[in-house]
Amino acid sequence: MLIEIPRDAVYFRTTLAGQYQSPQVPVLELALAVAHLTDKLKAAKRPVILAGVDVRRFETVSELQQLAENMSIPFCSTLMGRASFDQQHPLYRGIFLDKSDVRPMQLLKDADLILQIGVIKTDSNFAAHAALFSPDKVIEIEQNNLKLDLVTYHQLPLNALLAALNAQNMPPFAGQLPLAQQEEVPARQFSASAVVQHLDKRLAESSLTVPIISDIGDCLFASLHAKPSLMLAPAFYASMGYAVPAAVGVQAVTGLRPVVLVGDGAFLMTGLELGHCVRYGFAPIVIVFNNRRWDMIEAFSPNLQCTHLDHWHYADLARGMGGLGMQVNSLDDFDQALELALASKRFTLIEVMVAESSRSERLNAFAAGFLGAQKHPAAC
């Protein structure tokens, strides 16, 4: 959130605002919408829920999971919507981003009804797969906006709508698929994806609540190998340089010690914000994937000749700012560095030296699909 206050605002005469009153839910419109939705669900045989980040933003996570449980409907999330749900839930089928997500994609392809709940339709979510979401089988359920056939219902909050739908006590659907298994990167490969897998296993063994904050780049796609309960990433605007300042804000507000995933290109933009950590007693663990290039830019524009970066010795920079800085070249080195970081009270930077050719297959596949979609835009 950005609040901009004009300089002369200090001279304004103001009065205290009254206590906030949440808008009244239109009872008749809610009843009509629920009846309409119920008819759609009763006619379906293979419904699927695709949930987005607005489910968390508008505090509707429990209502969505209850709906899935009551009706035995599998649900998956968009890239932006992950970490909005319990990723160990028996009905959770993972993240849908592209064809690499075999189980969610097959689920959506086979569905005869897709409930898109709190989904922001962006290129970051599923631009290359518009054919999966034909209007005849998609219901868009958004905050204060529900589209059903030729009817649009306004002013219906997500939580109120889903709570009313849960109260209908409809019979559950049968024949759900087993929980998808997450594909692992071969341990012999030293890459961002392999490092994140190691990180996720180590954090899963701990009783600590650790937010993961990912920047834009290959680290964002590598972060798909983690299953955090708290996750922040700028997947909507794809703004580089988000993660390090966000980590400072997260620890300032929550007191939780976050782990940051960031590439060297994004770290160059805002990494020096770590210099404030010693002053305020913040101690994020920052994992910098150093492949000496703006790799995501190169993935989308392979003909550019300006994506090479020099090596700035980021571990040395961290020590110069009063933190703990370590450089690692293998998974064994990373495991040792992570243990030292978790034991330290200072902010820690782990510089992961990966090869220039270590770009994840997820980023390659997403870039290929995105570029293909730009050449053949879907008809609207």
Using the alpha carbons of the range 214-261, what is the convex hull volume per residue in cubic angstrom, as a whole number? 73 Å³
Expressed as a whole percentage, what fraction of the accessible surface of the range 110-171 belongs to carbon and sulfur atoms when a 1.4 Å probe is rolled over the protein heavy atoms? 50 percent
Rg/Rh ratio calculated on Cα atoms of the chain (Kirkwood radius): 1.00
Can you give the local net charge around residue 327? Use residues other than it whose beta-carbon is closer than 14 angstrom to its beta-carbon, Lys and Arg +1, Asp and Glu -1. -3
Calculate, in nm to one decimal, what residue 205 and residue 61 gain on full extension: separation in residues at 0.36 nm each, minus their alpha carbon distance. 49.3 nm
Mind checking which of 274, 148, 79 has the largest fluctuation in a GNM of the chain, springs on alpha carbons under 10 Å? 148
Among 206, 97, 120, which residue has its Cα positioned farthest towards the positive end of the charge dipole of the chain, with +1 placed on the Cβ of Lys and Arg, -1 on the Cβ of Asp and Glu, and the dipole taken about the Cα centre? 120
May I ask you to compute the full-extension gain from residue 239 to residue 13, defined as 0.36 nm times their residue separation minus their alpha-carbon distance, rounded to one decimal in nm? 77.6 nm
Along the positive direction of the dipole of the chain (beta-carbon charges: Lys, Arg +1; Asp, Glu -1; about the Cα centre), which of 172, 297, 251 reaches farthest? 172
Hey, what angle do you get for helix 192-204 against the long axis of the chain, alpha-carbon based, 0 to 90 degrees rounded to 10? 70 degrees
Starting from the range 188-267, pick out the trypsin sites (Lys or Arg not before Pro) whose DSSP state is loop and whose Cβ has at most 10 other Cβ atoms within 10 Å. 188
Point-to-point label distance, residue 31-residue 4, nm (Cα→Cβ direction, 7 Å offset): 4.6 nm
Looking only at 368, 167, 355, which one moves most when the chain is put into a Gaussian network model with springs between Cα atoms under 10 Å? 167
How large is the accessible surface per residue of the chain, computed with a 1.4 Å probe and reported in Å² as a whole number? 52 Å²
Comparing 332, 112, 295, which has the greatest mean-square fluctuation in the GNM of the chain with Cα pairs linked when under 10 Å apart? 332
Given 45/109; 42/121; 99/227, the pairs whose alpha carbons are separated by over 18 Å: 42/121; 99/227
Compute the separation of the alpha-carbon centres of the range 20-91 and the range 137-168 and state it in Å as a whole number. 9 Å
Per the charge dipole of the range 210-354 (beta-carbon charges, Lys/Arg positive, Asp/Glu negative, Cα centre), the residue among 307, 240, 276 reaching farthest to the positive end is 276
Per the rule of 0.36 nm per residue minus the C-alpha distance, extending residue 230 to residue 256 adds in nm 8.3 nm
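The values are calculated or read from the model by the stated rules, or taken from the named source; none is laboratory data. For clarity, every value in this text was computed on a predicted model and none was experimentally measured. Counting neighbours? That spans all protein chains shown, and the Cβs are built from the backbone with ideal geometry, glycine included. What goes into the accessible areas is simple: the full protein's heavy atoms, side chains included, and nothing from ligands, DNA or RNA. Shrake-Rupley method; radii C 1.70, N 1.55, O 1.52, S 1.80 Å.
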